[in-house]
1. Just for region 19-53: of the residues that are charged (D, E, K, R) and more than 21 Å from I136 (Cβ to Cβ), which one is farthest from the chain's Cα centre (by Cα)?
2. Of these, V53, V71, V64, V83, which one is of a type in the set (A, V, I, L, M) and in contact with a Cys (Cβ under 7 Å, 6 or more places away or on another chain)?
3. So D193 ticks every box in (1) in contact (Cβ under 8 Å) with a residue 24 or more places away in the chain; (2) closer than 16 Å to A97 by Cβ but one. Which box is left unticked?
4. Out of the residues in region 83-99 that are hydrophobic (A, V, I, L, M, F, W, C) and part of a helix (DSSP H, G or I), state the one that is farthest from L218 (Cα to Cα).
5. Looking at L131, L155, can you tell me which residue is in contact with a Cys (Cβ under 8 Å, 6 or more places away or on another chain) and within 27 Å of T265 (Cβ to Cβ)?
6. Based on this model, can you work out whether A19 counts as among the small types (G, A, S), free of Cβ contacts under 8 Å to residues at least 24 places away in the same chain and outside the structural domain of P91 (by TED's automatic domain parsing)?
7. I'd like to check something: does region 122-141 contain any residue that is more than 16 Å from the chain's Cα centre (by Cα) and surrounded by fewer than 19 Cβ atoms within 10 Å (Cβ to Cβ)?
Amino acid sequence: MKPAPVTLVRPRGVAECLAALDPADGSVVKVIAGGQSLMPMLALRMSTPDRLVDVGRVAELTAVVPGERVVELGARIRHRQLVDGAAGPAPAILGMAARHIGHDAIRNRGTLGGSLAHADPAAELPAVMVLLDAEIVCRSLAAGTRTIPARAFFLGPYLTAMRDDELLTAVRVPRADVGTRYGFVEFSPRHGDYARAGALCAVHTDPDGTVRRVGAVLFAVGSTPVDVSGALAAAEGHPLLACPWEDLATDAVASLPPPGEDGETAARRRLAAVALRRALQQASTLDGWVR
C-alpha cells in the first residue's frame, strides 16, 4: 500500500513546530523525526494524518544539557548516539538498551523522542525511562512546558499522556549513583526483531557490596512497561554475590496478575522470568558496574 495524501511541513525551530501542531481547522497532525516507526504505519494506512511536521531540521532538539543530578537529552538524539555514548553522561543502561533497537540503518535514523512518543509495548527505551524515573518534557502553545513522569507517560499500546498539540522536546534522566550496576536481556527471534520479552534492572549497592535497592522493569509482556521492583525488595541488605536472583526473578514475574487463557502472554512471561534472572545476574558482575 501507499500512504494517503498528506501535507509535509518542515519547520526550523521549536516555535514553528508548536504553531504547526496547533491547527485552527481541526486537522490531524503528526510529528515525524526519524520515521522508522511512523512511515510503515503511514504506508499501511494505520495512521492517516492530514499534516506531517518534520522536526528533522530543528537543531534545538539535539541538545544535551548535563546537570549535577540530571542529564537533559534532546528528543532528536539518535539511537546511534546512545549506543556510542555520544549523548553525554547519561546512565549506561541507555546504550545497553539502544544496541537492541533494530539494525544499524534504524539506529542511525531513529530518535529517542520518537521511540517514547510511539509507545510500543515491545520497545526498549520506554522501559528504560520507567526504570530510571525519568521525566518527559512536552511543549505546546496552549499549555506551555510541562514535565510528565515516565511512570505516568505510557498509558497503553501506542498511547501516551501527551496532548495532540504537544511536542516532546526532551527527556530528563537522573544521573547514576556510584555503585549502581545495570543489566539488560532481551529475547527476540533474531537480533533487531521485535522483542518477545525483555527485562532490565538497576542494582544499587553500598561501598561494602551490600544491596541497597533493586529496580527492574519488564517489556513486551504487557500493554506498557511493567515495573516489578517491589517484588525484589527481599534482595535489600544481602551481599550482592549472595542474592538468590533466580528465585527472586521467578517470584517477581509470578506476582503479576494471571494471564488468563492467553497462551501467548503466558509464554512471554516465562521468557521474561529468564530475562530478568539473567539481567540481575549480569548486574551482579563487574560488567554491570557504572564506572
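The values are calculated or read from the model by the stated rules, or taken from the named source; none is laboratory data. Everything quoted here is computed from the prediction, not taken from an experiment. FYI the Cβ positions are ideal-geometry reconstructions off the backbone, even for glycines, and counts take in every protein chain you see.
1. If we filter region 19-53 for residues that are charged (D, E, K, R), which is where we start, we get 22, 25, 30, 45, 50-51.
Among the residues that remain, those that are also more than 21 Å from I136 (Cβ to Cβ) are: 25, 45, 50-51.
Details: D25: 33, R45: 25, D50: 28, R51: 26 Å.
Of everything passing the filter in region 19-53, D25 is farthest from the chain's Cα centre (by Cα).
2. Details: V71 fails: in contact with a Cys (Cβ under 7 Å, 6 or more places away or on another chain); V64 fails: in contact with a Cys (Cβ under 7 Å, 6 or more places away or on another chain); V83 fails: in contact with a Cys (Cβ under 7 Å, 6 or more places away or on another chain).
Being of a type in the set (A, V, I, L, M) and in contact with a Cys (Cβ under 7 Å, 6 or more places away or on another chain) holds for just one of V53, V71, V64, V83, which is V53.
3. Status for D193: all satisfied but (1).
4. At the first step, the residues of region 83-99 found to be hydrophobic (A, V, I, L, M, F, W, C) are 83, 86-87, 90, 92-94, 96-98.
This time we only want the ones that are part of a helix (DSSP H, G or I), so: 83, 92-94, 96-98.
Details: V83: 21, A92: 18, I93: 14, L94: 15, M96: 15, A97: 12, A98: 15 Å.
Per the stated criteria, the residue is V83.
5. Values: L155 fails: in contact with a Cys (Cβ under 8 Å, 6 or more places away or on another chain).
Only one candidate qualifies: L131.
6. On the way: among the small types (G, A, S): yes; free of Cβ contacts under 8 Å to residues at least 24 places away in the same chain: no; outside the structural domain of P91 (by TED's automatic domain parsing): yes.
In short, no.
7. Yes: region 122-141 contains one or more residues that are more than 16 Å from the chain's Cα centre (by Cα) and surrounded by fewer than 19 Cβ atoms within 10 Å (Cβ to Cβ).
So that you can scan it fast, the table gives a plain yes or no per residue for (1) within 17 Å of V14 (Cα to Cα); (2) of a type outside the set (S, T, N, Q); (3) surrounded by 20 or more Cβ atoms within 10 Å (Cβ to Cβ); (4) not assigned by TED's automatic domain parsing to the domain that holds L132:
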{"position": "L42", "(1), (2), (3), (4)": "no, yes, yes, yes"}
{"position": "R45", "(1), (2), (3), (4)": "no, yes, no, yes"}
{"position": "D50", "(1), (2), (3), (4)": "no, yes, no, yes"}
{"position": "R69", "(1), (2), (3), (4)": "no, yes, no, no"}
{"position": "L73", "(1), (2), (3), (4)": "yes, yes, yes, no"}
{"position": "I77", "(1), (2), (3), (4)": "yes, yes, yes, no"}
{"position": "D84", "(1), (2), (3), (4)": "no, yes, no, no"}
